[in-house]
Amino acid sequence: MLFTECTLENLDEMLNLKPLPLDKMNILQDWLKAKRSITVSKQERNYLLMLQEYLQNNVLAWNEQELAMHFIGPVFALVQFSYDQKFNLFAERPFNGVVDGIEMSGRPDGMVATGYREPKKPYFCFQEYKKEKDPNGDPAAQALAAMLVAQEMNEHQFPIYGCYVRGRHWHFMALQGKEYGISDSYTATKNEIFDILRILKVLKQMLIERVK
């Protein structure tokens, strides 16, 4: 089954998954709350405001590749998802596995995985980038499908964290066992753009603790 074919409904039914509201998904709440301890420097703030203006002017016109190139990529570059050559951020790498006997595969738009030049064991964050107007497919389900494969590859040792983006709207996700949660949207054309950066910085800190 391709990630692009997935919907939340068919994943829930096929794999007996249990979606939880945010107030019941503690690992997702903890991740999002941890942003309070993260600061945004003056330089980062000015850069985000520049990106934000560019997004505001173009978000309804950009296709997925343009959204990724002009906005999402620069935001992730601020976080610098690499650490001592132990993990890195990869894009469009082929990725597959078996979840409850179902072969699943695809090319996530972005994933953090162990490895430096080539991804080895995928870690916690997967993104599916979608344009805001008339997107194709279900980005939440595509991200969740990749997270499910990652969970198997990590032998269910850790929670899996993810994110999907639709235009200006960012949603953060967490998966543990059969339970998953999805955050409310963080809107990048508002002051929430600073929260988006803080949340991604928290993720990097969590990954560093995992690989020490």
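Numbers below:
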quantity: Rough spin-label spacing in nm, given labels placed 7 Å along Cα→Cβ, for THR7 and LYS212; calculated: 4.5 nm
quantity: Length gained when the stretch HIS70-ILE38 is fully extended (0.36 nm per residue, less Cα-Cα span); calculated: 9.1 nm
quantity: Spatially close lysines, pair count over the stretch 114-212: Cα under 19 Å, gap of eight or more or interchain; calculated: 10
quantity: Cα-Cα separations in the stretch 153-198 greater than 15 Å, expressed as whole percent; calculated: 48 percent
quantity: Relative contact order (percent, whole number), the chain, Cα cutoff 8 Å, 6+ residue spacing; calculated: 27 percent
quantity: Dipole moment magnitude, nearest 20 debye, the chain about Cα centre, only Lys, Arg, Asp, Glu C-beta charged; calculated: 980 debye
quantity: Alpha carbon centroid spacing (whole Å) that separates the stretch 190-212 from the stretch 10-51; calculated: 9 Å
quantity: Spin-label pair ARG107/ASN26, simplified geometry with 7 Å Cα→Cβ offset, distance in nm; calculated: 4.0 nm
quantity: Viscosity 0.890 mPa s, temperature 25 °C, Stokes-Einstein D of the chain from Kirkwood C-alpha radius, µm²/s; calculated: 142 µm²/s
quantity: Relative counts (whole %) of C-alpha pair distances in the stretch 115-196, using bins that are 10 Å wide; calculated: 18, 44, 30, 7
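Read-outs: derived from the displayed coordinates by stated rules, not from any lab. As the structure is a computational prediction, the values presented were derived from the model and not from experiment. Because the Cβ atoms are built from the backbone with ideal geometry, glycine has one as well, and the counts that use them run over all protein chains shown.
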